[in-house]
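A.B. asks: This is the structure, below, for whatever I ask next.
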Amino acid sequence: MIEAVYEAIKQQKDVRKNLSLFRQCLKEETPKVEIQPEVFINLLSDSDAKVRKNAALALGDIECEEALFSLYHAYEIEEKNFVKSSYLIAMGKLDCKKYLPDFKRRYENLCAIVPTEEEKKHVNEQIKELEKIFLKYEGRTKHKFTGYKEKNSILLTVSKECREIVCEQLKREKTQMHPLGVVIETADLTPYLYLRTYRELLFLLDCSKKLEGNPGTIGKELAESNLLEKLEKCHEGAAPFYFRLEIRSSQPLDKRTVFAKRIAAVLEEKSGRRLINSTSDYEVEIRLLQSKDGYFFPCVKLYTIPMRRFSYRKNSIATSIHPATAALMMEIARPYLHEGAQVLDPFCGVGTMLIERDKFIPAGDMYGTDIFGEAIEKARENTALAEKKIAYVNRDFFDFTHEYLFDEIISNMPVKGKKTKEEQSAFYEHFFEKAAKHLKENGVMVLYSNEKGFIKRQMRVDKRFHLLKEYLMREKDEYYLFVIRFKGENA
C-alpha cells in the first residue's frame, strides 16, 4: 500500500491527498522501497500550502537529516502562519541544534508580538514547537521548593466525615472546615509534611473574582491571581514554571479537555509564558474544582515539595487501601491499640494496613496473609522500604494456622464483588468464626468495610463479639470503621 502511495506522489498524482495517506501508512507499515528525500524536499516549494505542510511533516516522519537545511529555509520564507509549525515539528525530529540561536530569536519575537485573533492559534503552535526543541537540547529547569516558612493558606484534603479527626490533631492550630477538608493559615509548612491522616496538601489561590464563565475569563483571572507570585516566592529558580491543568466538573470528558486547553492557552499568554502548559514533566498542577453553583474553586498542588509520608508505598494493587485512610483508621482506633501488640491482617494486600499500624504505635509480631501471591511479593518490598519487620504468608486466611493467638486483627475487608447476598453473609459468618480462633480473650478487631449490615448481624448472632466503636468514614459509598472486642470463648 505505502509503495503505491509513494509512487503516486512521485508522479505528482493527487499529491495533497496522497501525502496525508503516506503519513498514515507510515504508522502502520515500513516501506519496502527506498524513499528518496528529494521527492518531498521538492514539494516544500509547492504552490499549495497544504502540500508544503504535509511534505514537511513527512520529512520529519522519515527522519531525513539531509532535509534539515531545506526545512529551515522553507520555514524562514513561509508566508502562511498555519504551515510554519509543521516545519518546526519536522526539524524537532532531526538534529537541529545548530539552529538554536536562530530559534531563540524567533521565539522572543513571537512572544513579543500581539497576534490577531485569527493568527493567535498558529503563533502559539510555533511557540509550543520551539519550546519542545529547547527542551530537547537544554532540558527543563527544575525548581527547588524553599517556601517552608512563607505564609500560605493550605488545604489538607480529607473526607468530610473525617475532618474533625484532622482538626483534633491540629488543635493548637487555627483551622477552618472546608467541603474538601481542612483549611489552615500557616507560616510554617514543615509540620504538615509529616501528618499522615490527609490525602493531599493543596495551596489556595487568591482570585479577585469568582471563577466562572468562559475559559478566556478564567485564564485571565488565574494569571492575575497570586499564582505566579506564590510560585516565584516559594522556589529557587526563575520562571518558566511548567504546569498541567486539572478540571473537575460534571462536563463530559471531551468538553472538559477542550475547556482546559483554552484556559491553559490564555494563562500562558497572560503570564508572558512564565507559566507553560505541559502534559508531562510538570511541577505544578493547577486544579479547578467546580461547585454545585457552577463556580470553580482554584488550588495548586506542588510536585516540587518532597512528600515522604508514604514513600514506602512503591507497590499497590487495584483493591489497595490508601495509606492516609489506613492512618486515619489507626487514629480513630487509638484508644484500643497497644504498644507491643501481636497483630494479624488476614487480607493484607500490599501491607499498607500493617505498616501504618506499626508507624502509629510500634507493634510486636505482625503477620499478613493473602491468597494473591503478587500482592504478597509487593507487600514484602513495601515493608522493606518502610524498614519494618512483618511476616507475610501467601495463603487463604481460612486455611491459616498459627502457634499463638493475636491481640489484634486489622483489615481492609474484601469488597463484595460478584457475590450474592447469601454468599456475602456466609463469608462474614465464616470470617468471625475464624477470627475467634486467632484472637486472645479481650483482643480487638479493627475492620474497614462497606458491609455494615453483615458485620452488625454477626455481632447480634455471636455474643462473643462486642462493638466498641463504629465510625462512618465515607458516606458516599458507606465505608465504616468498626472496632470490635472479642470477649472470649466463654462469653
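Derivation of every value follows stated rules applied to the coordinates shown; laboratory data play no part. None of these values were measured; they are calculated from a predicted model. All Cβ positions, even for glycine, are placed from backbone atoms using ideal geometry, and neighbour counts span all protein chains on display.
A.B. asks: Measure up Lys13/Lys136; Lys210/Lys230; Lys84/Lys136; Lys314/Lys452; Lys416/Lys469 against 27 Å on the Cα-Cα distance and list the ones that go over. Before the final figure, lay out the partial values.
C.D. replies: Details: Lys13/Lys136 37 Å; Lys210/Lys230 19 Å; Lys84/Lys136 19 Å; Lys314/Lys452 31 Å; Lys416/Lys469 23 Å.
Beyond 27 Å: Lys13/Lys136; Lys314/Lys452.
A.B. asks: Once you've got the Cα coordinates, tell me which of Lys120/Lys270; Lys174/Lys292; Lys220/Lys261; Lys359/Lys487 are over 21 Å apart.
C.D. replies: Numbers: Lys120/Lys270 13 Å; Lys174/Lys292 27 Å; Lys220/Lys261 14 Å; Lys359/Lys487 27 Å.
Long pairs (Cα-Cα over 21 Å): Lys174/Lys292; Lys359/Lys487.
A.B. asks: Distance from the Cα centre of segment 321-381 to that of segment 269-284, in angstrom?
C.D. replies: For segment 321-381 versus segment 269-284, the Cα centre distance is 40 Å.
A.B. asks: Order these by the 10 Å Cβ neighbour count, fewest first: Leu193, Leu156.
C.D. replies: Numbers: Leu193 13, Leu156 25.
Fewest-to-most Cβ neighbours within 10 Å comes out as Leu193, Leu156.
A.B. asks: With 5 Å bins from zero, work out the P(r) of segment 304-351 over every alpha carbon pair and list the percent per bin.
C.D. replies: Taking all Cα pairs of segment 304-351, the binned fractions are 5, 14, 21, 26, 20, 10, 3, 1 percent.
A.B. asks: Now, a different point. What is the spin-label model distance, in nm, from Lys389 to Glu403 if the labels are put 7 Å beyond Cα along the C-beta direction?
C.D. replies: Inter-label distance under the simple model: 1.6 nm.
A.B. asks: Sequence gap at least 6, Cα distance under 8 Å: using those rules, report the relative contact order of segment 185-307 to the nearest whole percent.
C.D. replies: On the way: 176 pairs, mean separation 36.9, N = 123.
That works out to 30 percent.
A.B. asks: Provide the packing ranking of 298-310, 242-254, 121-133, i.e. peptides ordered by the mean count of other C-beta atoms within 10 Å per residue, highest first.
C.D. replies: On the way: 298-310: 16.5, 242-254: 14.7, 121-133: 18.2.
By packing density, highest mean first, the sequence is 121-133, 298-310, 242-254.
A.B. asks: Still on this structure, I have one more. Taking mean projected area of the Cα convex hull in nm² straight from the coordinates, which label in (1) 30.0; (2) 25.8; (3) 20.4 is the correct one?
C.D. replies: (1)
A.B. asks: Using each residue's phi in segment 422-427, evaluate 6.51 cos²θ - 1.76 cosθ + 1.60 at θ = phi - 60° and report the 3J(HN,Hα) Karplus result to the nearest Hz, with x for Gly and Pro.
C.D. replies: Couplings: 5, 5, 5, 4, 5, 4 Hz.
A.B. asks: Something else: Residue-wise, which Karplus ³J(HN,Hα) couplings in Hz belong to segment 333-341, taking 6.51 cos²θ - 1.76 cosθ + 1.60, θ = phi - 60°, and x for glycine or proline?
C.D. replies: Whole-Hz 3J(HN,Hα) from phi for segment 333-341: 8, 2, x, 10, 9, 9, 4, x, 5.
A.B. asks: Remind me, relative contact order of segment 238-395 in percent, using alpha carbon pairs under 8 angstrom and six or more residues apart?
C.D. replies: Numbers: 257 pairs, mean separation 28.2, N = 158.
With pairs under 8 Å counted, the relative contact order is 18 percent.
A.B. asks: Contact order normalised by length for the chain, with contacts defined as Cα pairs under 8 Å and 6 or more residues apart; what percent is it?
C.D. replies: Computed over the chain, the figure is 8 percent.
A.B. asks: Which distance in nm do the two modelled labels at Lys469 and Tyr148 give, with both placed 7 Å along the Cα-to-Cβ direction?
C.D. replies: Reported label-point gap for Lys469 and Tyr148 is 3.2 nm.
A.B. asks: Next question. What angle do you read, to the nearest 10 degrees and between 0 and 90, between the alpha-carbon axis of helix 117-138 and the longest principal axis of the chain?
C.D. replies: Helix 117-138 and the main axis of the chain meet at about 70 degrees.
A.B. asks: Related question: Convert each backbone phi in segment 463-471 into a coupling constant with the Karplus relation 6.51 cos²θ - 1.76 cosθ + 1.60 (shift: θ = phi - 60°), then list the ³J(HN,Hα) values in order as whole Hz, x for Gly and Pro.
C.D. replies: Ordered by residue, 3J(HN,Hα) equals 6, 6, 10, 9, 6, 9, 7, 10, 9 Hz.
A.B. asks: Calculate the length of the line joining the C-alpha centroid of segment 211-264 to that of segment 435-491, in whole Å.
C.D. replies: Taking the Cα centre of segment 435-491 as reference, the centre of segment 211-264 is 46 Å away.
A.B. asks: Amide H of Tyr479 versus every other amide H placed in the peptide plane: which residues, excluding those fewer than 5 positions away on the same chain, fall under 5 Å?
C.D. replies: Distant-sequence amide H within range of Tyr479: Met473, Arg474.
A.B. asks: Further, regarding this structure: Using the beta-carbon distance between Glu108 and Arg274 and R0 = 22 Å, what value does 1/(1 + (r/R0)^6) give for FRET efficiency, to the nearest 0.05? It would help to have the intermediate numbers written out before the result.
C.D. replies: Working: r = 14 Å, r/R0 = 0.63.
Once the sixth-power term is evaluated, E becomes 0.95.
A.B. asks: Nearest 10 degrees, 0 to 90: what angle lies between the long axis of helix 323-332 and the longest principal axis of the chain (Cα atoms)?
C.D. replies: The answer is roughly 30 degrees.
A.B. asks: Here's something else I'd like to know. Around Glu246, which amide H atoms from residues at least 5 apart in sequence, or from another chain, sit under 5 Å from its own amide H, with H modelled in the peptide plane?
C.D. replies: Sorted by chain and number, the residues that satisfy this are Ile286, Arg287, Leu288.
A.B. asks: Could you work out how far the C-alpha centroid of segment 77-103 sits from that of segment 110-179, in angstrom?
C.D. replies: Here the two parts' Cα centres lie 30 Å apart.
A.B. asks: Taking amide H positions as placed 1.01 Å from N in the peptide plane, with prolines and chain starts having none, which residues 5 or more places from Asn226, or on another chain, fall under 5 Å of its amide H?
C.D. replies: Asp206
A.B. asks: Can you tell me the orientation of helix 253-270 relative to the chain, as the angle in degrees between its alpha-carbon axis and the longest Cα principal axis, to the nearest 10?
C.D. replies: Taking Cα atoms only, the helix is inclined about 60 degrees.
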